[in-house]
Structures are given as structure tokens and as C-alpha cells.
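Structure first, then comments.
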Amino acid sequence: MEVWQKEIVNALLLFLAVVIIGAFTGFFLPLLLLLTLYLLSRQIYQINRFENWIKTGGRGKYPKASGVWEEIYYHVYRIKKNERRRKKKLSKIIDQFRQSTEALPDAAVVLGDNEEIQWINKAARDVLGLQQTDRGQRIPNLIRFPEFIQFLKVKNYNEVVFLPSPVNKRINLEVRIVKYGAGLRLLLAKDVTQVQKIENMRKDFVANVSHELRTPLTVLRGYLETLQDMDEGDSPLLTTSLVQMQGQTDRMQHLVDDLLLLTRLETQQKKAECVDVPRLLNQICTEVDALGHSTNRLKLTLQTDVHIMGNEQELRSAFTNLVNNALKYSPEQSAVKIVWLASEEEVILEVVDEGEGLASTDIPRVTERFYRVEVNRSKKVSGTGLGLAIVKHVLMRHDGHLQITSELGKGSRFSCCFPKKRICT
Ligand code: ADP
């Protein structure tokens, strides 16, 4: 029998007793009233005890009770106990999270809706110079570098910004912001001093080596030319050796030139002028034709005549690389289309060929330095593997990007996309 059923049986038994005693004594109604009062006051007493217990947080063992009240006490006691256990577990997890973020080598700052500081870790105190007492203050009032304030204003969280540490100017920080939760943002600042130092060393090394190789190469090429002039064709071995040496020194010259160009793109200040792209494309086509590489394979279409702000020399390098690649990596009689067009958001130079195309796994890699697809395939065609790296760098310096669509055996489309804000006519 359930507890509540037992309670009803007890009440009925008491009522029966009242009926029997009432019948013998003639006091049925007063006895019934007494019974009702007894049952009611017992419930009020239990409710009062329960309220007192709950008021004190329902801690510890519950008061002794019987029947349905014992059940109620037991269930509430169990719920409270589980809740306490869950709370303990949660606060342990939060503690562990706090400790791990405290120990993070990168500075972490939780920012609220209004860029106010909500929480900082130890590294943020060390490298950003923030204090626990800065909580609630707006971060742009404390870190006052203009590029940082601009970064916060633009709210483009895919970008990063580089700043010197406000505590030690020799430490360089890479700062990024990650959005999470409702309106919260996590600012992460990473010490990149060492990485930048190594990157600068790499740039200097490549620049110096390429520069130093120029003089011996010029001397070698000079002597080779003299030797070729002196060669009267008596020894076929000598003749082929000289031709091969000539080919290899040419290749090396290209490599050095491309490395020097890449170094310039990485280090030189950007200079912008209004570039007449239609004229530039016409010139490139004429030059490539004149060099005898294309035999009328180039089909130039100017769908727009807009000019863009940029560096003509750099754009010439990038476009020439794409046109030469399209010719190199497609059959000898096939056409190469060059289209200058304006879409809704961008101005685009497309170079489309009907060549061997690229596998989808190669597409993201071809702009890496020295990456050449399938050595066997590319061995037939000379190249340095630096051309598309140059294109990518040039486009980056013009706020643009390179888009490649290609299918093996069907040809490729290389699109240089420039934002419309670059248009200057
Ligand atoms: P490379 O000097 O080898 O041409 P690039 O950086 O210009 O160096 O190109 C990298 C690689 O991408 C090339 O080796 C080639 O395999 C591939 N590639 C470039 N352009 C094309 C194209 N139009 N069609 C097919 N493959 C191409």
C-alpha cells in the first residue's frame, strides 16, 4: 500500500472510532469536530516544521516525521543533496578552468559588450600591464596604440594586429579577438618577438644570398657566351655541354631574379599610382607575342576600361607570370583568354587556358614557394616554382586575392580579384 493510501485508511479508522464512540455516548458531533481539529492542527504543525527546515537551507538530516511527511522530507533532502554535489563539481571545473587560463603563456582578457574588461589572466597582467583593479574599465582607455583602437573599431575578427607590449617595447605581440557567448569577446595576445626575429633573419638571408649570387652568375654567363662564340663545332660534346650550361645558368638567373623580387615585395614600402590596366595588358600581350612564345594564342578581351590604384611594375610581373604559365602548361595550339572585367564587388583579371589543369589537392599549394606540381610533369617545362608566390604577394599588396578554378585535363582559370575601392577612373 502507498503511503498516501495508508494516511487515508488511518483517517477513516479514526472517523469510524468517532462514529462508534459517538453512537454509544451521544457526542458524535463534538467528537467529529475534535477529530477534524486534531487532523488539521497535525498538518499545520508538519507544514510549519517543513518550512523551518527549508528556511535554513534544508541542510543536514531532516527532522523525524512519519507517513507522507517522511516521504516529502526524504525526496527534498535527496534533491538538495544532488544539487550540492553538482554545484561542487561545477565550481571544481570552473576552478580548474581558471587555473589553466591563469597558467596560459598567452595573455587572455575577457571583454564585455562595451569593450570593458571582465577578467584577465596572469600573462595579461605581465605583458599588457593590466591590473585586477582595471576590471570594468574600457580596454581602449588603457591600451592606447592607434592601430589597436582602429582594430577594435573595425571589428574584423579574422584579422590580427601587431603591437609592441605596453610594458616592454622590445616584446612584439600578435593580438586577436575571438567572439563567444552572448556579446562576450576573448582578446588573446601572443608574444611573437622570437618568431618575427627568425622571419626577419630568413628574409635577410634570402635577400643576401640572392644578391651575392648575382655577380658570380654574371661572370659565368659572360665567360659562357665567350666560349660559345669561340666554339667552332669541332666537338659535339663541348657544344652540347655549353648549351646545357647556358640553360642551367639561365634557370639560376631566373631563380635569383624571382627571389629578389619576392624579397622586394616583402620588404619595400607600397607605392601606388593610377595604373591603366587595359594598356598594360595590351603591352604584355604584344611583348609575349614578340618573344615568339605564343604565336597568336593570346585572346585579350577588355570588358571594362577601368584603371586601378597600384604599382605598375608589380602588376606587370604578376600578370606576365599568369600569362606565361597559361601558355607553358597548355598544348601548343590552344588559346589563352585574358579578360579584364568588373563584377558587382570587384574588378577581375582572368587568365583562362585549355591546358592540363590542376588537381583539387594541388590548388591550395601552388602559391607556396618552390611548389611545382608533380615533378615529372613540370620537369618538361622550365620554371622556378616562385611565379605564383609572386602573384599572391603582389595581389596581397593590392588588397586583392587570387582565385583558382581548375580541373585536371580541362584547363584552368586564374582570377586576380581587386576590390572596387581600388578603381581610379
Ligand atoms: P613555375 O615556375 O613552376 O611555373 P609557378 O609558381 O608559376 O612556378 O607555378 C607553380 C606550379 O603550378 C607549376 O609548376 C605548375 O605545375 C602549376 N601551374 C601554374 N600555372 C598553371 C596552369 N595555368 N595550368 C596548370 N598548372 C599550372
Pairs where the first residue, in segment 249-261, is at negative phi and the second is outside any helix (DSSP H, G or I) and open to solvent by 30 Å² or more (accessible area, probe 1.4 Å), C-beta under 7 Å, 6+ apart: ARG251/SER382
Residues being open to solvent by 80 Å² or more (accessible area, probe 1.4 Å) and either over 18 Å from VAL339 (Cβ atoms) or aliphatic (A, V, I, L, M) (or both) - total across segment 389-409: 4
From VAL306, VAL347, VAL277, VAL323, which residue is among the aliphatic types (A, V, I, L, M), outside the structural domain of ALA207 (by TED's automatic domain parsing) and closer than 23 Å to GLY385 by Cα? VAL323
The residue that is most open to solvent (accessible area, probe 1.4 Å), considering only those in segment 412-425 that are away from the ligand (no atom under 16 Å from the Cβ) and assigned to a strand (DSSP E or B), is ILE423
The listed residue being buried (at least 17 other Cβ atoms within 10 Å of the Cβ) and within 15 Å of ILE404 (Cβ to Cβ), out of LEU280, LEU358: LEU358
Could we say that TYR329 is within 11 Å of the ligand (Cβ to nearest atom), open to solvent by 40 Å² or more (accessible area, probe 1.4 Å), more than 28 Å from ILE423 (Cα to Cα) and touching a helix residue (DSSP H, G or I) at 6+ places or on another chain (Cβ under 6 Å) here? no
Name the residues in segment 361-375 that are open to solvent by less than 50 Å² (accessible area, probe 1.4 Å), part of a loop (DSSP other than H, G, I, E, B) and out of contact with any helix residue (DSSP H, G or I) (no Cβ under 7 Å at 6 or more places or on another chain), would you? ASP362, VAL373
Quick one: is SER412 closer than 16 Å to ASN321 by Cα and hydroxyl-bearing (Ser, Thr, Tyr)? yes
Mind telling me which of the residues GLN253, GLN248 ends up being open to solvent by 50 Å² or more (accessible area, probe 1.4 Å), within 16 Å of the ligand (Cβ to nearest atom) and not acidic (Asp, Glu)? GLN248
Expected single match for more than 12 Å from the ligand (Cβ to nearest atom) and small (Gly, Ala, Ser) among GLY409, GLY400, GLY387, GLY383 is GLY400
Would you confirm whether or not segment 3-22 contains a residue that is touching a residue at least 60 places away in the same chain (Cβ under 8 Å) and open to solvent by 80 Å² or more (accessible area, probe 1.4 Å)? yes
Among the candidates ARG170, ARG176, ARG144, ARG185, residue that is open to solvent by 50 Å² or more (accessible area, probe 1.4 Å), in contact with a Leu (Cβ under 6 Å, 6 or more places away or on another chain) and not hydrophobic (A, V, I, L, M, F, W, C): ARG176
Take the residues in segment 333-346 that are more than 14 Å from the ligand (Cβ to nearest atom) and out of contact with any Cys (no Cβ under 7 Å at 6 or more places or on another chain); name whichever of them is least open to solvent (accessible area, probe 1.4 Å). TRP340
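Counting just the residues of segment 50-64 that are within 14 Å of ILE79 (Cα to Cα) and in a loop (DSSP other than H, G, I, E, B), which one comes out least open to solvent (accessible area, probe 1.4 Å)?
Here the answer is GLY58.
The values are calculated or read from the model by the stated rules, or taken from the named source; none is laboratory data. Since the structure is predicted, the reported quantities are computational estimates derived from the model, not experimental observations. Please note: Cβ atoms are built from the backbone with ideal geometry, for glycine as well, and neighbour counts cover all protein chains shown. These area figures cover heavy atoms from the full protein model, side chains too; ligands, DNA and RNA do not enter into them. Shrake-Rupley method; radii C 1.70, N 1.55, O 1.52, S 1.80 Å.
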